[in-house]
Amino acid sequence: MKLENFYNYLLVQKGLQTITVGGYRGVFKRFFKENRHFNKNTVENYIAKMRQGDYSYSHIANTSMALEKLSEFLHKPIKLGRPRKPKQLIKNTLTEGEIARMLAACKNTRERALLAILIYTGLRNKELCQLKTEDVDIGNQNVRVIEGKGNKDRVVYFTSECGQMVSEYKSEYRPNHILFYTLVMHNPYNGWALRKMVKVVAKRAGIKKRVFPHLFRHSLACNLLNRGANIMTIQALLGHSDIRTTMIYAKSSPQRVKQEYLFYNPSYL
């Protein structure tokens with residue numbers, strides 16, 4: 001069985017993104033390391049082993065989806081059940097003070113601009129790495145996200161402070177087409193480089209929490225919520241297709257519930 005034909009099918013016929021197909025490659029590398037054949041029994045045994053092990057919901061769900069798609073491609077469809085999705089709370093987000101310390105710990109305009117885009121817009125890793133210079137409108141203080149998650153476009157906003165940091169970076173580094181690029185090879189910035197930069201700046205700022213790029217997205221949502229932002233505004237900014245995804249932030253912020261109770265509670269005396 002030539003898996004390359006299957007991967008081409010996913011890209012061309014199913015219209016999946018290359019990053020998604022890359023994830024499927026990893027699934028089948030692991031699957032065929034343990035199994036010589038692909039059939040209903042080997043697939044069900046493999047998933048059963050995962051369910052009995054210490055694997056996350058998303059890992060099991062993504063693996064099941066990949067295996068189902070291959071069975072569909074082979075015209076021998078296999079339907080797998082999904083584990084119940086755990087109701088996770090968002091924890092250990094960064095406070096406004098901690099983010100300010102990280103900005104102060106940046107050593108150059110490039111680090112500040114990268115961090116500013118993350119903290120003010122809540123872009124996903126891939127969305128930031130794919131940014132083109134024309135996608136950032138400093139005058140109108142917005143960023144056009146082209147083909148974000150789910151191939152959806154959206155517009156997000158940033159403050160004048162963020163715009164100033166990006167302007168300073170552009171004046172010094174003069175990016176051409178792609179807004180951020182690697183300094184050595186001048187390739188488009190990638191997720192690995194972004195994670196490394198964020199980790200280094202967090203350590204420099206003395207942040208003890210585990211800091212990674214996506215944490216700024218969570219932190220933006222929680223900080224907006226704590227300042228009184230409407231949940232539907234946060235949904236639009238983050239690009240969530242389902243409001244229930246955004247509601248996780250509300251459930252993760254008991255202090256916001258207390259604040260609203262104290263503000264809106266009826267007066268009986």
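The values are calculated or read from the model by the stated rules, or taken from the named source; none is laboratory data. Not measured: the values here are computed from a predicted model. Please note: Cβ atoms are built from the backbone with ideal geometry, for glycine as well, and neighbour counts cover all protein chains shown. Just so you know, the surface numbers come from the protein's heavy atoms only, side chains and all, with ligands and any DNA or RNA stripped out. Shrake-Rupley method; radii C 1.70, N 1.55, O 1.52, S 1.80 Å.
Per-structure values
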item	result
About the Cα centre, charge dipole magnitude for the chain (Lys/Arg +1, Asp/Glu -1 at Cβ), debye	1160 debye
Solvent-accessible heavy-atom area per residue, rounded to whole Å², over segment 144-228 at 1.4 Å	59 Å²
Relative contact order %, the chain, counting alpha carbon pairs below 8 Å whose residues are six or more apart	18 percent
Rounded tilt (10° steps) of 254-264 against the dominant C-alpha axis of the chain	50 degrees
Fraction of accessible area attributable to carbon and sulfur, the chain (%, probe 1.4 Å)	53 percent
Segment 6-68, dipole about Cα centre (Lys/Arg Cβ +1, Asp/Glu Cβ -1), debye to the nearest 20	180 debye
Inter-centroid distance (Cα atoms) of segment 200-269 relative to segment 13-30, Å	32 Å
Gain in span if fully extended, Q52 to T245, counting 0.36 nm per residue against the direct Cα distance	66.8 nm
Measure of compaction for segment 84-219 (Cα Rg per 2.2 N^0.38 Å)	1.04
Most positive-pole-ward Cα, N176, F73, N125, against dipole of segment 43-180 from beta carbon charges	F73
Angle between the chain longest axis and helix 3-12 axis [Cα atoms, degrees, rounded to 10]	50 degrees
Within segment 36-134: Cβ-based charge dipole about Cα centre, in debye rounded to nearest 20 (Lys, Arg +1; Asp, Glu -1)	340 debye
Relative contact order computed over segment 5-126 (Cα-Cα under 8 Å; 6+ residues apart), in percent	16 percent
Inter-part distance where segment 172-198 and segment 130-150 are each reduced to a Cα centre, Å	16 Å
Degrees separating the helix 109-121 axis from the principal Cα axis of the chain, which is the longest one	80 degrees
Cα gyration tensor shape for the chain, rounded if a/c is under 1.5, else prolate or oblate	oblate
Mean ellipticity per residue at 222 nm, deg cm²/dmol - from DSSP H runs of n ≥ 4 across the chain, formula -39500 (n - 2.57)	-18000 deg cm²/dmol
Value of relative contact order over segment 91-162, rounded to a whole percent, pairs C-alpha under 8 Å and six or more apart	24 percent
